[in-house]
1. Conditions: (1) within 20 Å of residue 51 (Cα to Cα); (2) part of a loop (DSSP other than H, G, I, E, B); (3) modelled with pLDDT of 95 or more. Residue 228 meets all but one. Number of the miss?
2. Which number in (1) surrounded by fewer than 20 Cβ atoms within 10 Å (Cβ to Cβ); (2) modelled with pLDDT of 95 or more marks the one condition that residue 307 misses?
3. Of everything in the stretch 171-180, what is touching a residue at least 24 places away in the same chain (Cβ under 8 Å), surrounded by fewer than 22 Cβ atoms within 10 Å (Cβ to Cβ) and not in a loop (DSSP other than H, G, I, E, B)? Give them in sequence order.
4. If you go through the stretch 123-164 one residue at a time, how many are assigned to a helix (DSSP H, G or I) and more than 22 Å from residue 239 (Cα to Cα)?
5. Among (1) assigned to a helix (DSSP H, G or I); (2) farther than 16 Å from residue 23 by Cα, where does residue 277 come up short?
6. Out of the residues in the stretch 239-262 that are part of a loop (DSSP other than H, G, I, E, B) and touching a strand residue (DSSP E or B) at 6+ places or on another chain (Cβ under 7 Å), which is modelled with the lowest pLDDT?
7. Scan the stretch 194-202 and tell me whether some residue there is part of a loop (DSSP other than H, G, I, E, B), touching a helix residue (DSSP H, G or I) at 6+ places or on another chain (Cβ under 9 Å) and surrounded by fewer than 24 Cβ atoms within 10 Å (Cβ to Cβ).
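The values are calculated or read from the model by the stated rules, or taken from the named source; none is laboratory data. Predicted, not measured: the structure shown is a model, and the values here were computed from it. Methodologically, a virtual Cβ is constructed for each residue, glycine included, from the backbone with ideal geometry; neighbour enumeration extends over all protein chains shown.
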């Protein structure tokens, strides 16, 4: 779906923002963030207008100790009507924990690079899909929505450029299994708009845009441009972002944080997209978590530090 040559794409659909800071952001921190701080962070984000918050992960606490308290976090957050609270689930034990915590949407994960999956979860792509097959069946039995993450969709830190045909093969397998939506992850953050076009040109003839989300990191400073390309030219309307640009990937050397929620919201609004998110509330939530982490956040808008940050249109 190409943009109109007379201006930015216009759409009556509201962009969905999946806020991944509480999970994908905080799991990359070297220090453990307290349960109280996580709950306050999620509650603040709940009031910002984001459609979904990935609030935790039910991976073994030995693997990701930063999120060992996800059970307690889910029990203590204030669940705002209309906001989805999801979690990453790697196996059947994780699914049991998610079910007990009242989670109604889960995410499973794989990649488009075998080397990355071996470094990340110690198995091949095909083996990773076989591992979460029973998780998906169990979740569907319980009426849960299931998202599938595909990492390294444009570049792998070990193999280099990834061919779009490899990504499409994984997409097909996930859709055949019954995954409801797929998040396409530029894990390394090296993608340029040209890479996003090559990827979506390959995938969109075989998958509806409504079932896809773009998850980009901002290592090379092109993440916002990649989001705008996917929306304006291809009709992608769901994006994974993290307040303040939190995150990274412990298994992708050199990868920076996720694209900042507030930067994406501002850029999309300025380009004519409809969003229910108030970026000022995201900035406020990011500012508080930044104080706890004791470091400057990477997002552009969070560094502006002004009350007149929201996009207000032409003067």
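1. Tallying (1) within 20 Å of residue 51 (Cα to Cα); (2) part of a loop (DSSP other than H, G, I, E, B); (3) modelled with pLDDT of 95 or more, residue 228 fails exactly one: (2).
2. In the conditions (1) surrounded by fewer than 20 Cβ atoms within 10 Å (Cβ to Cβ); (2) modelled with pLDDT of 95 or more, residue 307 misses (2) alone.
3. If the condition is that a residue be touching a residue at least 24 places away in the same chain (Cβ under 8 Å), surrounded by fewer than 22 Cβ atoms within 10 Å (Cβ to Cβ) and not in a loop (DSSP other than H, G, I, E, B), then 172, 173, 175, 177 are the ones that fit.
4. Total meeting the criteria: 17.
5. (1)
6. Top of the filtered list is 255.
7. Scanning the stretch 194-202, I find no residue that is part of a loop (DSSP other than H, G, I, E, B), touching a helix residue (DSSP H, G or I) at 6+ places or on another chain (Cβ under 9 Å) and surrounded by fewer than 24 Cβ atoms within 10 Å (Cβ to Cβ), so the answer is no.
Here's the yes/no breakdown for (1) over 13 Å from the mean Cα position of the chain (by Cα); (2) over 28 Å from residue 274 (Cβ atoms):
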{"residue": "140", "(1), (2)": "yes, yes"}
{"residue": "150", "(1), (2)": "no, no"}
{"residue": "158", "(1), (2)": "yes, yes"}
{"residue": "214", "(1), (2)": "no, no"}
{"residue": "221", "(1), (2)": "yes, no"}
{"residue": "231", "(1), (2)": "yes, no"}
